[in-house]
Amino acid sequence: MKALEGVRILDFTHVQSGPTCTQLLAWFGADVIKVERPGTGDITRGQLCDLPDVDSLYFTMLNHNKRSITLDTKTPEGMDVLWEMAKVCDVLVENFAPGVLDRMGFSWDKLHAVNPRLIVASVKGFGPGPYADCKVYENVAQCAGGSASTTGFRDGPPLVTGAQIGDSGTGLHLALGIVTALFHRTRSGLGQKVDCAMQDGVLNLCRIKLRDQQRLEHGPLKEYSQFGDGEPFGTSVPRAGNDSGGGQPGRILKCKGWETDPNAYIYFITQTPVWGAICDVIGEPGWKTDPDYAKPAARLPRLNEIFARIEQWTMTKTKFEAMDILNVHHIPCGPILSMKEIAEETSLRETGTVVEVDHPLRGKYLSVGNPIKLSASPTEVTRSPLLGEHTNEILRDVLKFDDSRIAAILASGATGATEAPSRVAAE
Ligand code: CAO
């Protein structure tokens, strides 16, 4: 039995933040029923398409293991069906713009009255406050959550990061909120609202930068290369390039081949317990006892010089050769892996973190599998649904409608053309 078997999710999500949450729940065994607008469905089905008339990779990679029903919830018949679904589901998940669900008539009060056990989980860009009504996409959340102001180099503009911390990060937060509410329901018998704001989710992941903001009031941040360069700090946490580490300073360093390979780099951490080994490996054994280098505090003003010296060594090795040598000495380091290298990495295939999935219209494609491994509830990744693929079976098997009721709903147009191909281009 899968961990969430028996849990039914009314998945009223779109784009990325909500779908990543419900995909995780589906991977844990929940029955996730995605409600989509007839004709177009989730707008991402038709965005950034690499093949004609085939659901985009964006959509397929975010909606595995789900079923799809098409419903125009702005028709009375579509609205009726949605209410019936709300009665038989355990969780409703949505990430529409602020106010959309209320405008549809699906307020928390009404949903709770109809199904007191229903958990209603929402992603919004912001929590209550001046921006509560704003629509938000990934990069807006990265900017408003503190990530962009602290990412990049100090002589350049703020930068967004390639990791989707606003969308997928908030989806993760929401999934935790939902399973927590499910656990609470086993004792209270009642559903509750679960709200995650993308700004809050990003800030939660930027926690150490708020730590640094407060440290700054008590003096310069000595592990930042800015300190070693003698550049004064301002009043807020600066961008730190690739510096990291608090007590364990680290940098990205060039490796052999960096002139032509944009990813011939390694992340190198000068962890204190292995400082002696580092000195031996790079050919500076004298630094083990030299008072200017032997202790972490003495090294902080010299980090630029120290990393320049370590880089002289890493540039003589490929990133994988350097990994092999450094790992023998338990020196924390990591290669900069390109997406191509990750896609080809056999160990990630073996653990199911990278999976090959077959799709009837697309054929085989690669996706990221479930990064959370449960020993008694392993994940089997199955393809995303075609638009409206399960409309009839949901009306019949989940909602237990009889043939005449189903025929009336289909005739009303509320479900659109259920046998329609996978998507209609939305771009
Ligand atoms: N049938 C009929 N109408 C439907 C429907 C259905 N099945 N599903 C959705 N709709 C309607 C909604 O009722 C809404 O209509 P109204 O505005 O008339 O009430 C409309 O579709 C659009 O909803 P939206 O405003 O959420 O969509 P958008 O494309 O304009 O905005 C987004 C997208 C992501 C900016 C917005 O949804 C948002 O801010 N969400 C919260 C934050 C979030 O999750 N962002 C992550 C985005 S991923 O990068």
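How large is Rg/Rh for region 86-133, to two decimals, with Cα atoms and a Kirkwood Rh? Can you show the working numbers first?
Details: Rg = 11.4 Å, Rh = 11.5 Å.
We get a ratio of 1.00 for region 86-133.
Based on Cβ point charges of +1 for Lys and Arg and -1 for Asp and Glu, what charge dipole magnitude is obtained for the chain about its Cα centre, in debye rounded to the nearest 20? Could you put the intermediate results ahead of the total?
Numbers: 44 positive and 52 negative charges, 190 e Å.
The dipole of the chain has a size of about 920 debye.
Mean residue ellipticity at 222 nm from the helices of the chain, using -39,500 (n - 2.57) per DSSP H segment of n ≥ 4 over the full residue count, to the nearest 500 deg cm²/dmol? Kindly include the intermediate steps, with their values, before the conclusion.
Working: 17 runs with 146 residues, N = 427.
So the helix-based figure for the chain works out to -9500 deg cm²/dmol.
Leaving out ligands and nucleic acids, note down the accessible area per residue over region 242-331 with a 1.4 angstrom probe, in whole Å².
On the way: 4360 Å² over 90 residues.
I get 48 Å² per residue for region 242-331.
How about residue 124: which aspartates and glutamates have a C-alpha closer than 12 Å to its C-alpha, ignoring those fewer than 8 places off in the same chain?
Within the straight-line limit of under 12 Å, residue 124 reaches these aspartates and glutamates: 94, 133, 138, 167, 195, 200.
Which residues in region 13-49 have a backbone N closer than 19 Å to a point placed 7 Å from the Cα of residue 380 along the Cα-to-Cβ line?
23-33
Please tell me the relative contact order of region 329-372 in percent, rounded to the nearest whole number, where contacts are Cα pairs under 8 Å and at least six residues apart. Intermediate values should be presented prior to the final figure.
Working: 30 pairs, mean separation 11.6, N = 44.
For region 329-372, the relative contact order is 26 percent.
Over the chain, with every protein chain in place, what whole percent of the accessible area is carbon and sulfur at 1.4 Å, could you tell me?
Values: 11750 of 20570 Å².
After summing per-atom areas, the C and S share lands at 57 percent.
Would you mind getting the accessible area per residue of region 118-171, heavy atoms of the protein chains only, 1.4 Å probe, in Å²?
For region 118-171, the solvent-accessible area averages 47 Å² per residue.
Which whole-number percent is the relative contact order of region 242-331 (Cα, under 8 Å, 6+ apart)? Kindly include the intermediate steps, with their values, before the conclusion.
On the way: 105 pairs, mean separation 30.4, N = 90.
Across region 242-331, relative contact order equals 34 percent.
Report the one residue of 279, 328, 297 whose Cα lies farthest in the direction of the positive end of the charge dipole of region 242-331 (charges on C-beta: Lys and Arg +1, Asp and Glu -1; origin at the Cα centre).
Result: 297, furthest along the dipole toward the positive end.
Bin width 5 Å, alpha-carbon pairs only: give the P(r) of region 242-331 as whole percents, running from 0 to the bin holding the largest distance.
Going out from 0 Å in 5 Å bins, region 242-331 shows 3, 15, 26, 28, 17, 8, 3, 0 percent.
May I ask for log10 I(q)/I(0) of region 23-81 at q = 0.14, 0.22 Å⁻¹, from a Debye sum over the Cα atoms as equal point scatterers with solvent left out?
Relative scattering, expressed as log10 I(q)/I(0), comes to -0.46, -0.91.
So if I place +1 on the C-beta of Lys and Arg and -1 on the C-beta of Asp and Glu, and nothing else carries charge, what would the dipole magnitude of region 242-331 be about its Cα centre? I want it in debye, nearest 20.
Details: 10 positive and 11 negative charges, 28 e Å.
Using only the charged Cβ atoms, the result is roughly 140 debye.
With the convex hull built on the Cα atoms of region 129-288, state its orientation-averaged projected area in nm². Walk me through the numbers before you get to the answer.
Numbers: hull surface 58.9 nm².
Across all orientations, region 129-288 yields a mean hull projection of 14.7 nm².
Which whole-number percent is the relative contact order of the chain (Cα, under 8 Å, 6+ apart)?
Details: 775 pairs, mean separation 90.9, N = 427.
Relative contact order, the chain: 21 percent.
Give me D for the chain in µm² s⁻¹, whole number, from Stokes-Einstein with Rh from the Kirkwood sum over alpha-carbon pairs, 4 °C and 1.567 mPa s. Could you put the intermediate results ahead of the total?
Details: Rh = 24.5 Å.
Translational D for this selection: 53 µm²/s.
Using the alpha carbons of region 1-104, what is the convex hull volume per residue in cubic angstrom, as a whole number?
Values: hull volume 10.2 nm³, N = 104.
Given the Cα convex hull of region 1-104, per-residue volume reads 98 Å³.
Distance check, please: which entries in 2/364; 87/110; 222/317; 256/340 exceed 22 angstrom between their Cα atoms? Working shown, then result.
Details: 2/364 26 Å; 87/110 11 Å; 222/317 29 Å; 256/340 19 Å.
Table pairs above 22 Å Cα-Cα are 2/364; 222/317.
Which percent, nearest 5, of DSSP beta bridges in the chain are antiparallel?
Numbers: 15 of 37 bridges.
Antiparallel bridges: around 40 percent, rounded to the nearest 5.
Helix 303-314 sits at what angle to the longest principal axis of the chain, using alpha carbons and giving 0 to 90 degrees rounded to 10?
With both axes taken from Cα atoms, the answer is about 80 degrees.
Dipole of the chain (Lys/Arg Cβ +1, Asp/Glu Cβ -1, origin at the Cα centre): which of 264, 252, 183 lies farthest to the positive side?
It is 183, whose Cα lies furthest towards the positive end.
Starting from the amide H of residue 190, placed 1.01 Å from N in the peptide plane, find each other amide H under 5 Å away whose residue is 5 or more places distant or on another chain.
Placed amide hydrogens put nothing under 5 Å from residue 190.
Beyond a 32 Å Cα-Cα separation, which of these cross-linked pairs lie in this structure: 34/135; 74/193; 34/319? Before the final figure, lay out each step's value.
Values: 34/135 22 Å; 74/193 24 Å; 34/319 43 Å.
Correct reply: 34/319.
The values are calculated or read from the model by the stated rules, or taken from the named source; none is laboratory data. In this text, all values refer to a predicted model and were calculated from it rather than measured experimentally. No Cβ is skipped: glycine too gets one built from the backbone with ideal geometry, and neighbour counts run over all protein chains shown. Just the protein is used for accessible areas: all its heavy atoms, side chains included, with ligands, DNA and RNA removed. Shrake-Rupley method; radii C 1.70, N 1.55, O 1.52, S 1.80 Å.
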